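To start, the structure under review is shown below, and the notes come after it.
Please treat every number below as a calculation from the coordinates, not as lab data. From a predicted model like this one, the values you see are computed outputs, not experimental measurements. Glycine also receives a Cβ, built like all others from the backbone with ideal geometry; neighbour counts cover every protein chain displayed.
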């Protein structure tokens, strides 16, 4: 009797695996991958630049695909567009005194939407310090997102990098707090900061669809306690100076490939329709100009309820290990990579740790904002960042992609997420203190 039960059990597992493979091969096909990729990376999309009419066209296409798949809209609103505003801030003037000594305007950077901005030592601002040896951009990003009014003293050893903190030259999410960065070794007893700004509001949209889960915690909205996010960014850098007659940065790999993957995964899981956890499929905007789409999303979702984030970035070319492989940024920060590889153990596909740690890729894509909130949020990629020939070039077109391998990578992501989607595995959280 025991022998028969074991034989039956083995037959059942084999049959289930076979049927699973059959389903995935019918749903995630190279033909469908190519159809979506060609649309997103077409010349008519003109590089999907943030704020352009073409990025609106791309958003409409993605939304139409989500509707065809049958995903739920945000809060059952009837729209897949998660709309928000950026405020383009132009710094008109700064006048700063530290203990009566004027600080050069080039040593002042402001992250604020308040017009005008008048601060002194009695304004109730908290103080913080960026000391030698820290990562300036990472620390500045973290502090600017703190939600607190702050004066940040930046050690003068960062003089060469400080100009990159010119927040007044780019857009930002509308916010009520102000953070002022001062490049100085002086910590004054008295100070006054007078900044005059000019703001212009601009509108953007993430594209988001939801597949409610089957468990009792899966409420089917962004405040659910059991969410798995699949994401990519659909913007790119638009049109530039012609090179050999080509002026369009199509962004086929960066990141039409990831966006295509998100859409294919949405189709796959909707057809399976057995997800225990709520699945959120999101195409982020404005990644190329500062990750503002993912920043806004992170403020609308219950971060404590997000159990995993699969952010997909540039999977259209082979990894350094060849086919049937990809890497995961921040692999050592949670056990999510181990869970994915465990689910892939019979597939012949392997996820490796990020081989380019010096490039800080974990903090350079849309996973970063949620990771900083403790979410096991990682980016999956194959891009050879030390030698990718078409990165941010007009040559990043569909002809440079390996669509067959890309299709297999999308299948591998689906298979690797199986136990997380089913509620059987829960990755460990990111220890945010270790990210500072």
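Please compute the length gained on full extension between residue 225 and residue 273, using 0.36 nm multiplied by the number of residues separating them and subtracting their Cα-Cα distance.
Gain in length upon complete extension: 15.4 nm.
Work out the FRET efficiency for residue 68 and residue 358 from their Cβ-Cβ distance, taking R0 = 41 Å, and round it to the nearest 0.05.
The pair residue 68/residue 358 has a calculated efficiency of 0.45.
Classify segment 85-124 from the C-alpha gyration tensor, please: rounded if a/c falls under 1.5, else prolate or oblate depending on whether a/b exceeds b/c.
oblate
What order do you get for 336, 406, 150 when you list them from fewest to most C-beta neighbours inside 10 Å?
Listed from fewest to most nearby Cβ atoms, that is 150, 406, 336.
For the chain, with a Gaussian network of springs between Cα atoms less than 10 Å apart, report the residue from 88, 241, 49 with the top mean-square fluctuation.
Result: 241 has the largest fluctuation of those listed.
Grab the alpha carbons of segment 296-410, take their convex hull, and tell me the volume per residue in Å³.
115 Å³
Go ahead and estimate [θ] at 222 nm for the chain from helices alone: -39,500 (n - 2.57) per DSSP H run with n ≥ 4, summed, over the residue count, rounded to 500.
That comes out to -8500 deg cm²/dmol.
Build a GNM of the chain with springs between Cα atoms under 10 Å: which of 358, 23, 235 gets the top mean-square fluctuation?
The residue that fluctuates most here is 358.
Peptides 423-431, 275-283, 199-207: what's the order by average Cβ count within 10 Å, highest mean first?
275-283, 199-207, 423-431
If one computes the Cα centroid of segment 204-282 and of segment 378-411, what distance in Å separates the two points?
Here the answer is 17 Å between Cα centres.
So, in nm, how far is label residue 200 from label residue 332 when the simple model puts each one 7 Å beyond its Cα toward the Cβ?
In this crude label model, residue 200 to residue 332 measures out at 4.5 nm.
Provide, as a two-decimal number, the C-alpha radius of gyration of the chain over 2.2 N^0.38 Å, N being how many residues it has.
For the chain, the normalised Cα radius of gyration comes out at 1.05.
If neighbour count is taken as other Cβ atoms inside 10 Å, put 269, 181, 61 in order from fewest to most.
If I rank by nearby Cβ atoms, fewest first, I get 61, 269, 181.
Shape call for segment 88-200 from the C-alpha gyration tensor, a ≥ b ≥ c root eigenvalues: rounded (a/c under 1.5), prolate (a/b greater than b/c) or oblate?
Rounded.
Ranking request for peptides 252-261, 124-133: highest mean number of other beta-carbon atoms within 10 Å first, then the rest in descending order.
Descending packing order for the listed peptides: 252-261, 124-133.
So if we plug the beta-carbon distance of residue 320 and residue 135 into 1/(1 + (r/R0)^6) with R0 = 25 Å, what FRET efficiency do we get, rounded to 0.05?
0.50
Taking 0.36 nm per residue of separation and subtracting the Cα-Cα distance, what length does fully extending residue 30 through residue 159 add?
41.5 nm
What is the extension gain from residue 123 to residue 241, computed as 0.36 nm multiplied by their sequence separation minus the C-alpha to C-alpha distance, in nm to one decimal?
Using 0.36 nm per residue and subtracting the Cα-Cα distance, I get 37.8 nm.
Could you work out how far apart the two model spin labels at residue 346 and residue 299 are, taking each label as a point 7 Å from the Cα in the direction of the beta carbon, and quote it in nm?
Placing both labels 7 Å along Cα→Cβ, they lie 4.6 nm apart.
Calculate, for residue 215 and residue 115, the FRET efficiency according to 1/(1 + (r/R0)^6) with r their C-beta to C-beta distance and R0 45 Å; round to the nearest 0.05.
For residue 215 and residue 115, the calculated efficiency is 0.45.
Looking only at 46, 364, 345, which one moves most when the chain is put into a Gaussian network model with springs between Cα atoms under 10 Å?
Largest GNM mean-square fluctuation: 345.
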